1. Cα-based count: Lys pairs in the chain below 20 Å, eight or more positions apart or different chains?
2. Computed from the mean reciprocal separation of all distinct C-alpha pairs, what Kirkwood hydrodynamic radius does the chain have, in Å?
3. What length, rounded to one decimal in nm, is gained on full extension from residue 65 through to residue 47, with 0.36 nm per residue of separation minus their alpha-carbon distance?
4. Multiply the residue gap between residue 159 and residue 175 by 0.36 nm, knock off their C-alpha separation, and tell me the result in nm, one decimal place.
5. So, in nm, how far is label residue 29 from label residue 145 when the simple model puts each one 7 Å beyond its Cα toward the Cβ?
6. What does the charge count around residue 211 come to, taking other residues whose C-beta lies under 9 Å from its C-beta (Lys +1, Arg +1, Asp -1, Glu -1)?
7. Over 20 Å, how big is the tail of the calculated P(r) for segment 113-255, in percent of all Cα pairs?
8. Tell me, what HN-Hα J-couplings in whole Hz come from the Karplus equation 6.51 cos²θ - 1.76 cosθ + 1.60 at θ = phi - 60° for each residue of segment 69-78, using x for Gly and Pro?
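Any read-out appearing in this document is the output of simple, stated calculations on the displayed coordinates, not a laboratory observation. As the structure is a computational prediction, the values presented were derived from the model and not from experiment. Cβ: placed from backbone, ideal geometry, glycine included. Neighbour counts: every protein chain shown.
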Amino acid sequence: MCDMATIGIMDSGVGGLSVFREIRRLLPSEHYVYYSDSANCPYGEKDSEFIRERCREIARLMVSRGADAMVIACNTATAAAISMLRSEFSMPFIGMEPAVKPAALGTRTGVIGVLATAGTLKGSNYLKLKSGVQDGIKVVEHVGSGFVELVEEGELDGTHAEATVADSLRPLLAAGADVIVLGCTHYPFLLPMLEKVAGPGVRFIDPAPAVARHLLDILAQKGIATDDAQPGVELLSSGDPERLKKSFVSLLGGI
Ligand code: DGL
């Protein structure tokens, strides 16, 4: 019996680290391979076929590294590629989905906001989620323009970050949203700034803890052993690996 569990995690950049952070909280002793497609970041406005091709390549790489399961820690890549990945590869894939359902249950004003990339907002998965929201609840959405760039640069505070966050948040607040879904894995790193701009009375939902619990269930269901003999994280990037290591340390506070 094999007692090694290797979990692959991918994103267009460092956003997936917000998901990795939650996964590692639940499963601290696994072996992780994190792939940042930095050379092609951001994915938000890219053609779906291009994103599918990148995901296929990265999944092949994960297979060659012995991954038992792979987390697509990117809403945009999930929207474009998860069906293809599930049909072409045999390992389980765990994807992201904007937390529209929990937001709809939690709103008091009857208006929920969704911040995500253009690719996620036009995806059929999101459109289906939105159309399933109960009558009487309004969903307003906006692209978090410039958010990915801020997080990639590690610019999480200051006047430029504040103005960028305020520009995308304003229409959602003006519409009366009191619960706002973070539909892109980069955005949770901007949570302190989002909360500052929105003020009290607005709640943000990061789906990462739910995704981490889902991964745990899938590993149990598939009988994939946890508690690796060699826990740790391997950081891979299509861009500069040193830069990824630095971001990892500054965003998560250590390896
Ligand atoms: N972090 C990604 C997401 O969750 C992608 C952001 C981007 O590259 O535009 O959608």
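1. Final tally of qualifying lysine pairs is 9.
2. It is 18.4 Å.
3. Net length gain for the segment: 3.7 nm.
4. Between residue 159 and residue 175, full extension yields an extra 3.3 nm.
5. Here the modelled spin labels are 5.0 nm apart.
6. -1
7. Cα-Cα pairs in segment 113-255 separated by more than 20 Å: 58 percent.
8. 7, 9, 9, 8, 7, 8, 5, 5, 5, 4
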